[in-house]
Amino acid sequence: MSANILKVENATMQFGGVVAVDNLNLEVNEGEIVALIGPNGAGKTTAFNMITGVYQPTNGAVWFQEKKIVENHPQGKMEKLYKGEHAGDYTHVLAPTPDHITKLGMARTFQNIRLWKSQSVFENVLIAMHCRTHTNFLAASLRLNRKEEQDQWERVAKLLDTVGLYDVKDELATSLPYGKQRRLEIARALATEPKLLLLDEPAAGMNPQETNELTAFIGRIRKDFGLTVFLIEHHMDLVMDISDRIYVLDFGKLIAQGTPEEIQNNKRVIDAYLGVAEDA
């Protein structure tokens, strides 16, 4: 089996007395497409936020490419309020910001589309690519970065062509149909040259045809870009069609993990989330 690219270790996120994610442990291996599913409010997006530096977990650690990038333990008032496990296992604080984690090679999208509304399709992707710029501010001010700038423009054009958006490159991002806005958001994440791509409900708001197209698109970008994909999704057809493995959260706790077939036939998952067994 390939080495794991992401490992979440005993991660707990507690807000006051409310435990949103409770002692989460999971791994994503290189080259996989792994899904995180569960009912609304199960803690899925909170887990993504801990992994990507939006939230600092109350306790636990996150490893990326076999290097610990996030660590925390209950501090201050939370020492007494903490309801989770493993409070004494972590002693250091590692709290990189989301931009630092992006530079490490991890990119994400969000539930609600967050495109730059006043920018064109091309500009949305070009701006995202700047996290890989090597030229400093002074050199850019003196226009000494023309070669790098030209290279970036060519890479953006190639990326838009690859994802099927080159023909609308000059249009405002918000003028695109909803499905293409979602695709643009993924293209913007790809522009950061990630090794791991996290997708937070990429099919939200899509009709069946758009969802089918997205399913094929995610599978294609894994192959074309050599990516590992970790996604949250409620569209079970998409999840079951594309995932190598699935984790299931309920009330912040991991209740199951396995292949799509194993999850479809897991009674606890059926009771908590799926509702009806596939072969029923």
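The table for this structure:
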item	result
Separation in nanometres of the label points that stand 7 Å from Cα toward Cβ, at Val93 and Asn265	4.9 nm
Cβ-based exposure ranking for Thr91, Thr215, Thr174, in which fewest neighbours within 10 Å come first	Thr91, Thr174, Thr215
Which of Tyr178, Tyr55, Tyr82 has the fewest Cβ neighbours within 10 Å, and the rest in rising order	Tyr178, Tyr82, Tyr55
Per DSSP, loop GluC sites (Glu not before Pro) in the range 2-32 with at most 12 further Cβ within 10 Å	none
Calculated FRET value between Ala157 and Asp241, using beta carbons and R₀ = 25 Å, to 0.05	0.20
Part-to-part distance (alpha-carbon centres) for the range 15-32 and the range 67-130, which is given in Å	13 Å
Amide hydrogen neighbours beyond the local backbone of Leu36, cut-off 5 Å, H modeled	Leu231, Ile232, Glu233, Tyr247
R0 of 25 Å, Cβ-Cβ distance Ala3-Lys103: FRET efficiency to nearest 0.05	0.75
For His92, His235, His86, order by how many other beta-carbon atoms lie within 10 Å, fewest first	His92, His86, His235
Gaussian network model of the chain, Cα within-10 Å springs - most flexible of Pro98, Pro177, Pro260	Pro177
Residue-averaged 222 nm ellipticity for the chain, from DSSP H runs of 4+ at -39500 (n - 2.57), nearest 500	-9500 deg cm²/dmol
GluC sites (Glu not before Pro) restricted to the range 225-264 and DSSP loop, no more than 14 other C-beta within 10 Å	none
Gyration tensor (alpha-carbon) shape descriptor, the chain, a/c threshold 1.5	oblate
Spatially proximal aspartates and glutamates relative to Lys223 (Cα-Cα < 19 Å; intrachain offsets below 8 disregarded)	Glu30, Glu32, Asp161, Glu185, Glu193, Glu213, Asp241, Asp244
Gain on full stretching of the segment that runs from Asn40 to Tyr166 - 0.36 nm per residue minus C-alpha separation	41.8 nm
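Laboratory data are not the source of any read-out in this text; all were calculated from the coordinates shown. Keep in mind that what you see is a predicted model, and the values were worked out from it rather than measured. As a convention, Cβ positions derive from the backbone with ideal geometry for all residues, glycine included, and neighbour counts pool all protein chains shown.
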